[in-house]
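Each remark here refers to the structure printed beneath this line.
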Amino acid sequence: MAAYPDFLVTVPTQGDGRDPLRRDRGEWQPGARRPLPPFVTDLRPGASSAFDHLAQVGRAAEIAAIGGAFVPFDSAGEESLVVAAGLLRQSRHLRVVAGFHPGIATPVYAAKFSASLQRFTGNRLGWQLDVDLDPAVARSQGDFLPGADRYARAEEFLTVAKGVWHEEGYTYEGRFYQVLAGGFQSPNSGLPFPRVYLTGTSPEALALSARHADVHLFTADQDVETGIGELAAQSAQEGRPVEYGLRLPVLARDDDEEAWAEARRLWDLAGGVGEGLPDPDPRTRLWGGFGRIAGPGASGLVGSYETVAAGLRGYLGQGVTTFVLESRPHIEETYRLGERLLPLFAKEIEHVH
């Protein structure tokens with residue numbers, strides 16, 4: 001189990017840009033593309049691909065010594081497993097966690113796909129299973145499985161995927177999947193199984209994590225401390241450790257005043273001109289305005305690098321060791337986080353080593 005903070009950055013799946021409403025990077029909004037300045041002489045289209053921007057985010061994370069990148073499942077965005085494979089190919093050390101839902105494929109195919117990626121990239125792939133999708137999103141993906149059955153299927157999905165991964169001649173008979181004399185052979189056998197990241201605070205979600213997760217990700221809007229306590233008790237009964245993580249938007253600058261000035265600028269660009277800027281929660285210091293400036297999501301932290309680091313240390317004190325951070329625009333902010341925020345945790349890392 002990790003004893004020091006592990007940081008990942010979130011990769012944009014629907015373009016990016018300095019303006020919250022104008023995502024002209026990554027060819028996501030071609031109509032929003034700014035005209036080229038007069039000194040540009042090569043006007044040929046296709047000089048860069050849609051993936052080039054994503055590759056730069058991954059490269060920024062690697063250069064800034066951030067441990068990993070998280071590509072969330074996004075039903076309306078880029079395909080996370082394709083993006084993850086590209087980022088792994090474009091990097092040497094970056095770990096990449098791909099989000100997907102169990103209805104995307106059979107567990108045998110998902111495991112086979114991942115075994116090849118592990119073999120080709122030095123075992124740097126992780127899985128984040130989105131189990132409890134919004135029903136409308138699930139149906140749009142051709143998945144009509146209801147309620148608690150989604151967790152029952154996820155249980156079988158992970159059981160079968162690990163079974164064929166680790167056991168030659170593997171056989172399984174379940175409600176959702178059947179395998180007869182399956183299992184991988186060399187060179188796809190004997191590899192580390194992808195680290196499994198799971199989410200949720202329902203009893204079904206925590207029970208699934210207790211049995212299968214390597215890392216359970218919370219959001220700041222959830223009762224993290226209570227969730228960790230409940231999951232710790234369940235994982236102890238299962239006789240296996242689970243690490244705890246947090247998905248968190250952040251906006252960090254040299255001082256608090258500069259950070260809030262940037263929040264105000266982004267708030268106005270996102271349509272908030274004339275509206276008062278929401279205050280952070282006086283108890284947790286979490287700011288709920290990220291939903292407007294960065295798209296739907298949880299509350300996050302705004303402030304100086306020291307202020308944000310102090311907020312993260314509060315979660316470290318609760319047992320969180322993995323932080324999946326999101327900050328836009330992703331390339332520039334990834335460098336900021338790696339060069340200015342992460343060094344503030346050098347003592348924690350040095351204490352461990």
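Based on what the data block shows, is E156 touching a Gly at 6+ places or on another chain (Cβ under 7 Å), part of a helix (DSSP H, G or I) and among the charged types (D, E, K, R)? Criteria met by E156. The sole residue among D132, D52 that is modelled with pLDDT under 95 and under 17 Å from the mean Cα position of the chain (by Cα) is D132. Here G183 clears all of (1) free of Cβ contacts under 8 Å to residues at least 24 places away in the same chain; (2) of a type outside the set (F, W, Y); (3) out of contact with any Leu (no Cβ under 7 Å at 6 or more places or on another chain); (4) farther than 25 Å from V96 by Cα except the condition numbered (4). S186 meets the stated requirement of being surrounded by fewer than 20 Cβ atoms within 10 Å (Cβ to Cβ) and polar (S, T, N, Q). With respect to N123, is the statement that it is of a type in the set (S, T, N, Q), touching a helix residue (DSSP H, G or I) at 6+ places or on another chain (Cβ under 7 Å) and not in a strand (DSSP E or B) true? Against the criterion (of a type in the set (S, T, N, Q), touching a helix residue (DSSP H, G or I) at 6+ places or on another chain (Cβ under 7 Å) and not in a strand (DSSP E or B)), N123 does not qualify. Right, E167: surrounded by 13 or more Cβ atoms within 10 Å (Cβ to Cβ) and within 23 Å of the chain's Cα centre (by Cα) or not? In short, no. When Q237, Q222 are screened for being in contact with a Ser or Thr (Cβ under 9 Å, 6 or more places away or on another chain), surrounded by fewer than 17 Cβ atoms within 10 Å (Cβ to Cβ) and either at pLDDT below 95 or not in a strand (DSSP E or B) (or both), only Q222 passes. Residues in the stretch 141-152 that are under 22 Å from the mean Cα position of the chain (by Cα), part of a helix (DSSP H, G or I) and not aromatic (F, W, Y): R150 alone.
The values are calculated or read from the model by the stated rules, or taken from the named source; none is laboratory data. Everything quoted here is computed from the prediction, not taken from an experiment. So basically every Cβ, Gly included, is an ideal-geometry build from the backbone, and we count neighbours across all protein chains shown.
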